[in-house]
Amino acid sequence: MTIAVEFSAVSRHYGDGKQIVRAVDNVSIAVAEGEFFSMLGPSGSGKTTCLRLIAGFEQPSTGSIHIFGKNATGSPPYEREVNTVFQDYALFPHMNVLDNVAYGLRVKGVQKSESYKRAEDALTLVALADYGLRKPSQLSGGQRQRVALARALVNKPRVLLLDEPLGALDLKLREQMQLELKTLHRKLGITFIYVTHDQSEALSMSDRVAVFNHGRIEQVDHPRQLYTEPKTSFVADFVGTANVVSGALALQITGNQQPFSIRPEHISILSNSNMANSGIPNVDTVQNQMMQIAGEVVDIQYHGATSKIEFDVHHDAFTQRLMMVLSNTEHTEAQLPQVKQKLMLCWPKSRMVMLETHGND
Ligand code: ADP
Ligand code: MG
């Protein structure tokens, strides 16, 4: 397996003294050639800085970067076989589409006829072959995004960097473009490194995802593992929805203070009779396979395919809000509980994921 991009203990700090910002903090990753690799995290978690480090627009404060086995630390952008698609497209408004796409090649000194030929090929790749003579202002948001893509692809990069490329598009168009990007990735066979703050986008498109938090990577995994086996409470909570239980309530449920996560779709209603008279979590181990807890329904939300039920679990000193999701194909409206109703809830022990207690949030 060829490694396309490798970070070894890379940090990028800004400022000095007390005002130091650890934008990227001791990150090590290895992205395989041909991979669709996503960097997922909230705003300010260091994703863009990582992409800029790969592109060569930034240099690491410490650590080293290798691109296809070559030490790229310190080398300028034009020496790297990577190109970036920026979130804001950065198209020249006064140039037509073809000139926009050919521009980079012209600047590099590629002959006019050759650069137009390659620009046309790149536009064909993104299904805009007939749009070369239009100005960016005469295109839709989705089309402008494709021009930005063509402008990066015209350089035939071995690694394509995409920084929240679909951020400006509305949901339907975004989903369509996600599909197109995946198809393009398969067709080209090159490495895609994709930055997004949208967890569902990262899960649905990627071979692997790195989850960022405060400039650090909390977990790198395949989407399925990330969702089913989150390592930290941050990952459990950021990727999908999770109930994270810790401290006294965890102790009460598992006999151990270690935090755990349970997904809303794994909780079910054991009984909706008024068994929970005390309101204090009553944990049982039915054949040791199920966890059981008493809760009171606070809200029920209809979501079409599913219903989301929020409930409170009362502990001596506090109340914790948890959430469950029921499929509306398997439950009729009459089977759903009512607000204020007390329920016995349960989940399979095997679905609980024990979380690491460290974390930097
Ligand atoms: P993301 O793309 O995940 O939203 P960024 O990589 O843009 O995050 O930023 C990470 C952190 O580094 C943020 O706190 C941001 O304010 C800071 N940062 C980024 N670039 C600079 C810079 N040039 N100077 C100072 N701070 C910066
Ligand atoms: Mg960013």
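The values are calculated or read from the model by the stated rules, or taken from the named source; none is laboratory data. Since we're looking at a predicted model, the values are computed, not measured. Note that each Cβ is placed from the backbone with ideal geometry, even for glycine, and that neighbours are counted across all protein chains shown. All accessible areas refer to the heavy atoms of the entire protein, side chains included, with ligands and DNA or RNA removed. Shrake-Rupley method; radii C 1.70, N 1.55, O 1.52, S 1.80 Å.
Hey, among the residues in the range 57-94 that are among the hydrophobic types (A, V, I, L, M, F, W, C), assigned to a loop (DSSP other than H, G, I, E, B) and farther than 21 Å from V21 by Cβ, which one's least open to solvent (accessible area, probe 1.4 Å)? Step through it out loud before you land on a result.
Within the range 57-94, the subset among the hydrophobic types (A, V, I, L, M, F, W, C) is 57, 65, 67-68, 72, 82, 85-86, 90-92.
Now restrict to residues that are assigned to a loop (DSSP other than H, G, I, E, B): 57, 68, 72, 86, 90-92.
When the remaining residues are screened for being farther than 21 Å from V21 by Cβ, the result is 68, 72, 86, 90-92.
Details: F68: 33, A72: 8, F86: 79, A90: 48, L91: 31, F92: 67 Å².
Among them, the one singled out is A72.
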Item to check | Condition met for R216 (within 16 Å of ligand 2 (Cβ to nearest atom) and surrounded by fewer than 23 Cβ atoms within 10 Å (Cβ to Cβ)) | outcome: yes
Next on the checklist: Within the range 232-251, take every residue that is over 25 Å from T306 (Cα atoms), surrounded by fewer than 19 Cβ atoms within 10 Å (Cβ to Cβ) and not aliphatic (A, V, I, L, M) and give me the one that is nearest to the chain's Cα centre (by Cα).
Outcome noted: S246
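Restricting attention to the range 45-56, report how many residues are open to solvent by 30 Å² or more (accessible area, probe 1.4 Å) and free of Cβ contacts under 8 Å to residues at least 40 places away in the same chain. Write out each step before concluding.
So in the range 45-56, the residues open to solvent by 30 Å² or more (accessible area, probe 1.4 Å) come out as 48, 52.
Okay, now just the ones that are also free of Cβ contacts under 8 Å to residues at least 40 places away in the same chain, so 52.
Summing the residues that are open to solvent by 30 Å² or more (accessible area, probe 1.4 Å) and free of Cβ contacts under 8 Å to residues at least 40 places away in the same chain in the range 45-56 gives 1.
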Next on the checklist: Exactly one condition in (1) in a helix (DSSP H, G or I); (2) of a type in the set (G, A, S); (3) open to solvent by 30 Å² or more (accessible area, probe 1.4 Å) is false for A119; which is it?
Outcome noted: (3)
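Tell me, please, whether a residue that is more than 16 Å from ligand 2 (Cβ to nearest atom), in a strand (DSSP E or B) and assigned by TED's automatic domain parsing to the domain that holds T183 can be found in the range 11-20.
Restricting attention to the range 11-20, the residues satisfying the condition of being more than 16 Å from ligand 2 (Cβ to nearest atom) are 11, 13, 15-20.
Next, only the ones that are in a strand (DSSP E or B) stay: 11, 13.
The next check asks that each one be assigned by TED's automatic domain parsing to the domain that holds T183; those that pass are 11, 13.
Yes, some residue in the range 11-20 is more than 16 Å from ligand 2 (Cβ to nearest atom), in a strand (DSSP E or B) and assigned by TED's automatic domain parsing to the domain that holds T183.
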Next on the checklist: With the structure loaded, tell me whether M354 is modelled with pLDDT of 90 or more and either polar (S, T, N, Q) or open to solvent by less than 50 Å² (accessible area, probe 1.4 Å) (or both) or whether it fails that test.
Outcome noted: no
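Please go through the range 40-50 and pick out each residue that is within 8 Å of ligand 1 (Cβ to nearest atom) and not in a loop (DSSP other than H, G, I, E, B). Steps first, please.
To start, the set of residues in the range 40-50 that are within 8 Å of ligand 1 (Cβ to nearest atom) comprises 41-50.
The answer is K47, T48, T49, C50.
If you check V110 against the conditions, is it under 20 Å from R80 (Cβ atoms) and in contact with an Asp or Glu (Cβ under 8 Å, 6 or more places away or on another chain)?
Details: under 20 Å from R80 (Cβ atoms): yes; in contact with an Asp or Glu (Cβ under 8 Å, 6 or more places away or on another chain): no.
Spelling it out, it is not the case that V110 is under 20 Å from R80 (Cβ atoms) and in contact with an Asp or Glu (Cβ under 8 Å, 6 or more places away or on another chain).
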Checklist entry - Can you spot a residue in the range 60-82 that is closer than 21 Å to L184 by Cα, touching a Leu at 6+ places or on another chain (Cβ under 9 Å), within 16 Å of ligand 2 (Cβ to nearest atom) and not basic (K, R)? => result no
Item to check | Odd one out for S28 among (1) within 16 Å of ligand 1 (Cβ to nearest atom); (2) open to solvent by 50 Å² or more (accessible area, probe 1.4 Å); (3) under 20 Å from the mean Cα position of the chain (by Cα) | outcome: (1)
Checklist entry - Counting only residues that are assigned to a loop (DSSP other than H, G, I, E, B) and touching a residue at least 60 places away in the same chain (Cβ under 8 Å), which one in the range 151-174 is farthest from the chain's Cα centre (by Cα)? => result N155
Next on the checklist: Whether any residue in the range 186-204 is open to solvent by 40 Å² or more (accessible area, probe 1.4 Å) and part of a strand (DSSP E or B) is what I want to check.
Outcome noted: no
Checklist outcome for this item: Those residues of the range 163-177 which are out of contact with any Leu (no Cβ under 7 Å at 6 or more places or on another chain) and more than 16 Å from ligand 1 (Cβ to nearest atom) amount to L169, D170, L171, K172, L173, E175, Q176
Checklist entry - Does any residue of the range 301-309 turn out to be within 16 Å of ligand 2 (Cβ to nearest atom), at pLDDT 95 or above and in a strand (DSSP E or B)? => result no
Checklist entry - Taking only pairs six or more apart or across chains, which ones have beta-carbon atoms under 9 Å, a first residue in the range 104-115 that is surrounded by 15 or more Cβ atoms within 10 Å (Cβ to Cβ), and a second residue that is part of a loop (DSSP other than H, G, I, E, B)? => result G104/V110; G104/V154; G104/N155; L105/Q111; L105/V154; L105/N155; S115/K108; S115/V154
